[in-house]
Amino acid sequence: MANGDRQRRRSHPSSVHSLSFGRQSSEEVLSLIGGPGFSRLVFCNDPHCLQASILKYAGNHVSSTKYNIATFLPKSLFEQFRRVANVYFLLCALLSFTPLSPYSALSNVLPLVVVIGVTMGKEILEDWRRQMQDIEVNNRLVKVHRGGGVFDNIKWKDLKVGAVVKVDKDEYFPADLILLSSSYDEAICYVETMNLDGETNLKMKQALDVTSKLQEDLDFNDFKAVIRCEDPNANLYSFVGSLEFENEQHHPLGPQQLLLRDSKLRNTDYIYGVVIFAGQDTKVVQNSTAPPSKRSKIERRTDKLVYLLFAGLVLISFIGSVFFGLWTSDDITEDGSMTRWYLRPDNTEIYYNPRKASIAAILHFLTALMLYSYFIPISLYVSIEIVKVLQSIFINQDLNMYYEEGDKPARARTSNLNEELGQVETILSDKTGTLTCNSMEFIKCSIAGTAYGIGVTEVERALTRRKRLPDEEVHGDDTSDNAHKASVKGFNFFDERIMNGEWINQPHRDVIQSFLRLMAVCHTAIPEVAEDRREVTYEAESPDEAAFVVAARELGFEFFDRTQGSVSIRELDLVSGKRVERNYKLLNVLEFSSSRKRMSVIVRDEDDGKLLLLSKGADSVMFGRLSEDGREFEARTKEHVGEYADEGLRTMVLAYRELGEDEYREFDEAFRAAKNIVSADRDEMVEEVEDRIEKNLILLGATAVEDKLQNGVPDCIDKLAQAGIKLWVLTGDKMETAINIGYACSLLRQGMKQIIISSETPERVALLKAGDDLAVSAAAKANVVDQINRGKTLIKESRESSDAVALVIDGTSLAFALEDDVKDAFFELAIGCASVICCRSSPKQKALVTRLVKIRTGGTTLAIGDGANDVGMLQEADIGIGISGLEGMQAVMSSDIAIAQFRFLERLLLVHGHWCYRRISSMICYFFYKNIVFGFTLFYFEAYTSFSGEAAYNDWYLALYNVFFTSLPVIALGVFDQDVSAVLCLRFPLLYQEGIHNLLFSWKRILGWAFNGTVSATCIFFFCIRAVEAQAFRKGGEVVGYEILGATMYTCVVWVVNCQIALSISYFTYIQHLFIWGGIVLWYVFVLAYGYLDPYISTTAYMVFVEACAPALSFWLVTLFAVISSLVPYFTYSAIQIRFFPLYHQMIHWVRNDGQANDPEFCRLVKQRSLQPTTVGYSARFEASSKRLDKKPEQATTNIE
Amino acid sequence: MENTDTSTSTVRRNSKRPRYSKFTQQELPACKPILTPRWVISAFMLISIVFIPIGVAALFASRDVVEIVDRYDSECIPANETDKVKYIQTPGEKSCNRTLTVPKRMKPPIFVYYQLDNFYQNHRRYVKSRNDQQLRDSKEANSVSGCKPEDFNNGSVIVPCGLIAWSLFNDTYSLSRNNITLNVSKKDISWKSDREHKFGKDVYPKNFQSGGLIGGGILDPNIPLSEQEDLIVWMRTAALPNFRKLYGKMEVELQENDVIDVTLGNNYNTYSFNGKKKLVLSTTSWLGGKNDFLGIAYLTVGGLCFFLAMAFTVVYLVKPRQLGDPSYLSWNRNPGWR
């Protein structure tokens, strides 16, 4: 508390911040209260009072689970039977209790029960995990007023509306609160809303004056107030209410007093607040929509496939029924005599009644549907689900995607999109926190025309590695390159010439001094001196500002105190050579705004009394403001700034000038006057005044701050580009920043044509001034359309010259571009560009763009982001990847897969994605194959029983086929198969194209497998029956009966499908061996064991193997023959195919097989010969720059503005 | 490879770091077969090397078997009968004489079969029309479920019930050579497991074929089912509509050109559904009866594989593989956005 007192006493430098919250007039607000939609009544500090209990507002318990004990069964069963296949199987199971059934009911019901049971088990497990998460959140503790001024910890879930809570620094708000007071006298507090909107800068909230005095626990002893406010809604940025406190006065409440659940208290020791919305009513929860359940493309196609099979099944059932009907009606001739008398057609049930053959045929149709149900792989869906869960475990367990520093492994939150990861065509990425670490590092500067700083940016590092080893793999040894890793956050600057006070020996030391001093003074950061350490830390509005102050400190200009009107700095005195403390009287702050692109301060040096205007800003505005004699270093500095920008650094030009007293007085008056104007054009007036004084500056130099890219981002982007994946960056940042990052990530480079669509045009500004909203938007839209059209022509031109084009568009323009009549043109433009950067885009726009890309390309889109502002995008995209950054779980919670770093995307997509895609698609193809083999043998046999509906196999052979003898190998295929090892996947990124082009799950391939299945079934069936025919099948003279033929054919089927999978697997571990050969052995064991059971149970299988099959040589010969000859066609096909028409992965097989995979020169050859030209990434940049060396460098940057 | 330093993992005890294992990192040792020319050619060669001898052996075995097949269904109808069905359905002695000539020496045992064509023993209604409980257990004589319409007769149960038993084949053959009767043994013509476990020793035929419509053969009510081997053989239903069933065995040796006289009791009605009836005498080899299919099939596939092996050898020699030729990749053929 001592610390808090100290801080409270300190007056807060509110003058630094702009407290510009437009308050609605109180009458207006108060008139709304009590009306419809504004009926909420909260009795503060009295949550248990009678009126409150009548109102029955929601408690603070939140639940994200799908089921509870009561709803689980009906709800999950409903989910299960939404799948057509399952409904079909349920119908079959029900029908199997009637005499229609070709086999026993139990053998039919059991597989369905197993399948449904396993799926439901999975649901339970997933829901249980969600429940655990809920419990964690619900049981967090918060201090609540218990009465008598005592605050106790209670669990979040027990929090009631109306309770007064005390939230300490760095804690999350448990519910939506109205701020009453804080540790600051002004009752302000800082809030981080990262979880809500992804913005990391702190937002200031301020309580009403009337409650700001309640600063002690005891003050709440007799605190009573009533809040009337709007009903719960999802709007995060608006709030209307009124507070009735003491003397019955109504005080209007606005968003300025509202603290939202899941945002965090920062920089403030504690606050008091009263709960107004709890649990389900909070704005966050109201905002969260149920995550759309996503299904992968493959799964959707599988559904179609199932329908196709179903159609086939109906067709052959129909054919069978027609024949059956004809056959049956022939059983009694017209004169009434029986033909097949042994069937007693004169005395039958309806199912075989020749006199009502059509009804019999219809009923037979049902029987046939059941009989041929083996065409539909009942275990397909459940197998896919099991496989996907296991695949997710592999993703979670991958050490290469484990982030050591954050202790975060990858986490696949939903498992049903694994294979979609292998088909991503477009990545839509957030910038801050995703591509960048959201930490700015001061890395270079140019002072007096000399460039300082030998730090290396991420992209330079990547480039040098690329140059050094033309094609060698570059794997994560980042630390060795970066030997002197930044020891100070925000500072990565190394140059012995000016560090450690060495700058005094530099030629322009006075300029350097002014430069560093400017950095230390010209900002709005607040220093915080920790009690125990002598270190000063800074709290700044933006991280690049913090980087400035930190850099100044590290270079010897330590900013350590800020008071209401002054800035104190410890700096080196050039004359005495000692460190002295100097105060600068802060006279004015000329704030930064996006239109001004600069900020300045006016200070008076308290030592010599000089008036200084210190200015920093973007190069585009600063160079124009230099005085004639201030341009000494202009040329050199410009050059440096250009270099920095190309490296993706954020540059700032620093300049200053001394002001005359008169000049200042004049300015000050004008400035005050402008500030006091109460009219719409106040800001303009202020700007104008500011503009007048920021002139005739003297250039000092420029700084370069690296918006630090996350580790390995350029590498990753390069790999993804090589894999043919497009990357769009959607950011809420300014256009300049976004373009910087574009350069840093090599999405943009010198020599690339840039189409910049921006609405910040002079005409628009003029129109805005005129205040005609309609005209503004119409003109702006026309402007955007025009720009789009011009861009399109540019693209056409560049296509001929094969230049890469980049598109940069800002949020306002995007809004127009996404309108229905324009979006086609916009989309056409966008896909023609190698890289697309959308800046200043709102969360909603991000989602809209994602949807546009998703729908228009028809390809798979992947969105990746870390903040709550990316949630919409993550949910809209086919796959949403959340970056589990330092804070903020909102994105992760709504993502499908969470990873810790952007660079893991490379492995996630190129390795896991590719594998999963391949596995799942091979698995599904194979599933259809094996069921077609089985189904067709049944069908052929049918034809030999006059389509009477008798199954060729024993009931339990039928039932266990999918569950036992053939399921494990296919699951092993789905879980373990690797066409190409992880290393080679990364070495040949183009392999990924197999997924994008969907080569492994094309209709051609699927139908190919179906055809293969038919061939196998035909071989098996006809070879078997021709081989055994009617003659004795063994020495003892016995002939083959129904049961022996069934067992023989079944043996062949089990062998063939298992050997077929062995042929198509390219990765044999002991597990595959175990499952494949185990499946076959299991069949023999089963038929042996089953045959020993009582004949009542085993029926036709009784002793069939021991007595009949095994001792007969011909049984074994038939098996051998049928198996080999059914596989020869496939074997021949694949031998030809791999040899002469290899797919890309098979080429890699050859490379590996030839032992050339480790020969970099050779790999480059293979890679290059099959490479589409990539247009982004540093490889492309490297190639482009080497090309430029050949030709005369030409600046082709075309700006359309 | 990530290093798996144990010291770091002990320092961070609650680390979420996945534990390294070859399994979880998907690095299990594996063999990665690829269809190289050597593999392809040797696989085809192996198949042909195995298949051709088997084919030859199977063909020889099949050729060794001596088989006499005599179709008698139409011949055994007197020429003046126009309505075959009516003839066969009229009760009475319908004997018929056939003469068979032995083409080659037949060594014992010689198996006597009857062969029926176009007879759907595998029809669902037919297959299900039996009650295994009843056949096995005298106490279960009343279990007749599934036997309709041959379950009750005059109010009492039929043993054995069902259509299969009811339609028991009842043509009889007596064979003689030079007027000496050849003994056709009916012992051990059925599966042992059937005799011992499926047909009870104390279950006697009851009320069998006593109804209005008589299907096929009648059974001696004094012999237990387990000894009625004709019935046991008949009740093991055939898989296909053309089938043979064992009628009996002969332990005599027949010489070439021996003439065998068969006295047939032509009782079984196959005429109404145009089924053929044949009498078959056959010896067996190690492979069973006479069927060239397996031998020929083995030879064909063996030969085909040999041919493929040769073809692949030639092709591989003539047209060596072009490494990494990208022109095969579909996306290289039509570059650009789809």
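For A:ASP573, state whether it is open to solvent by less than 50 Å² (accessible area, probe 1.4 Å), on the phi < 0 side of the Ramachandran plot and out of contact with any helix residue (DSSP H, G or I) (no Cβ under 8 Å at 6 or more places or on another chain).
yes
Within segment A:694-702, is there a residue that is in contact with a Phe, Trp or Tyr (Cβ under 7 Å, 6 or more places away or on another chain) and surrounded by fewer than 21 Cβ atoms within 10 Å (Cβ to Cβ)?
yes
Counting only residues that are more than 9 Å from chain B (Cβ to nearest Cβ) and open to solvent by less than 30 Å² (accessible area, probe 1.4 Å), how many does segment A:328-344 have?
Going through segment A:328-344 one residue at a time, the tally reaches 2.
Looking at A:ILE376, A:ILE386 in this structure, which one is farther than 21 Å from A:ASP127 by Cα and more than 10 Å from chain B (Cβ to nearest Cβ)?
Sole residue among the options that is farther than 21 Å from A:ASP127 by Cα and more than 10 Å from chain B (Cβ to nearest Cβ): A:ILE376.
Anything in segment B:158-170 that is within 14 Å of chain A (Cβ to nearest Cβ) and not β-branched (Val, Ile, Thr)? List them, or say none.
Within segment B:158-170, B:CYS161, B:GLY162, B:LEU163, B:ALA165, B:TRP166, B:SER167, B:LEU168, B:PHE169, B:ASN170 meet the criteria.
Give the residue that is nearest to the chain's Cα centre (by Cα), with candidates limited to residues of segment B:180-203 that are under 30 Å from B:ASP258 (Cβ atoms) and of a type in the set (Val, Ile, Thr).
Of everything passing the filter in segment B:180-203, B:ILE189 is nearest to the chain's Cα centre (by Cα).
Out of all the residues in segment A:477-486, is one or more modelled with pLDDT under 80, within 14 Å of chain B (Cβ to nearest Cβ), part of a loop (DSSP other than H, G, I, E, B) and open to solvent by 40 Å² or more (accessible area, probe 1.4 Å)?
yes
Which one is farthest from B:GLN89 (Cα to Cα) among residues in segment B:266-293 that are hydrophobic (A, V, I, L, M, F, W, C) and either open to solvent by less than 10 Å² (accessible area, probe 1.4 Å) or not in a helix (DSSP H, G or I) (or both)?
B:TRP286
So B:LEU299 fits all but one of (1) of a type outside the set (Val, Ile, Thr); (2) modelled with pLDDT of 95 or more; (3) in a loop (DSSP other than H, G, I, E, B); what number is the exception?
Here B:LEU299 meets the rest and fails (3).
Kindly list the number of the only condition in (1) modelled with pLDDT of 85 or more; (2) open to solvent by 60 Å² or more (accessible area, probe 1.4 Å) that fails for A:VAL118.
It is condition (1) that A:VAL118 fails.
Based on what the data block shows, is A:VAL275 crowded, with 17+ Cβ neighbours inside 10 Å and modelled with pLDDT under 80?
No, not satisfied.
Condition check ((1) touching a residue at least 60 places away in the same chain (Cβ under 8 Å); (2) closer than 30 Å to B:TYR247 by Cα; (3) facing chain B (nearest Cβ under 9 Å); (4) in contact with a strand residue (DSSP E or B) (Cβ under 6 Å, 6 or more places away or on another chain)) across all residues:
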position	(1), (2), (3), (4)
A:ILE996	yes, no, yes, yes
A:TRP1003	no, no, no, no
A:CYS1019	yes, no, no, no
A:VAL1039	no, yes, yes, yes
A:VAL1056	yes, no, no, no
A:SER1064	yes, no, no, no
A:GLY1079	yes, no, no, no
A:LEU1082	yes, no, no, no
A:ASP1094	no, yes, yes, no
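Scan segment A:400-456 residue by residue and report those that are outside any strand (DSSP E or B), of a type outside the set (Asp, Glu) and within 14 Å of chain B (Cβ to nearest Cβ).
A:ASN400, A:MET401, A:TYR402, A:GLY406, A:PRO409, A:ALA410, A:ASN418, A:GLN423
Which one is most open to solvent (accessible area, probe 1.4 Å) among residues in segment A:1135-1151 that are more than 38 Å from the chain's Cα centre (by Cα) and within 7 Å of chain B (Cβ to nearest Cβ)?
Here the residue is A:ARG1139.
Which of (1) touching a residue at least 40 places away in the same chain (Cβ under 8 Å); (2) among the hydrophobic types (A, V, I, L, M, F, W, C); (3) in a loop (DSSP other than H, G, I, E, B); (4) in contact with a helix residue (DSSP H, G or I) (Cβ under 7 Å, 6 or more places away or on another chain) does B:ILE164 not meet, given it meets every other one?
(3)
For segment B:132-149, give me the residue count where each residue is within 27 Å of the chain's Cα centre (by Cα), in contact (Cβ under 8 Å) with a residue 40 or more places away in the chain and at the interface with chain A (Cβ under 10 Å from one of its Cβ atoms).
Counting residues in segment B:132-149 that are within 27 Å of the chain's Cα centre (by Cα), in contact (Cβ under 8 Å) with a residue 40 or more places away in the chain and at the interface with chain A (Cβ under 10 Å from one of its Cβ atoms) gives 3.
Residues being crowded, with 17+ Cβ neighbours inside 10 Å and away from chain A (no Cβ under 14 Å): count how many of those fall in segment B:181-202.
Selection size over segment B:181-202: 1.
Is it fair to say A:PRO1111 is surrounded by fewer than 21 Cβ atoms within 10 Å (Cβ to Cβ) and part of a helix (DSSP H, G or I)?
The answer is no for A:PRO1111.
Just to check your reading of the model, which residue among B:TYR126, B:TYR120 is open to solvent by less than 10 Å² (accessible area, probe 1.4 Å) and among the aromatic types (Phe, Trp, Tyr)?
Exactly one of B:TYR126, B:TYR120 is open to solvent by less than 10 Å² (accessible area, probe 1.4 Å) and among the aromatic types (Phe, Trp, Tyr), namely B:TYR126.
Find the residue count for segment B:59-103, including only residues that are over 24 Å from the mean Cα position of the chain (by Cα) and among the small types (Gly, Ala, Ser).
Qualifying residue count, segment B:59-103: 4.
The values are calculated or read from the model by the stated rules, or taken from the named source; none is laboratory data. Worth saying up front: this structure is predicted, and the values here are computed from it rather than measured. Cβ coordinates were reconstructed from backbone atoms using ideal geometry, including for glycine residues, and neighbour counts include every protein chain displayed. To get the accessible areas, we keep the full protein, side chains included, count just its heavy atoms, and leave off ligands, DNA and RNA. Shrake-Rupley method; radii C 1.70, N 1.55, O 1.52, S 1.80 Å.
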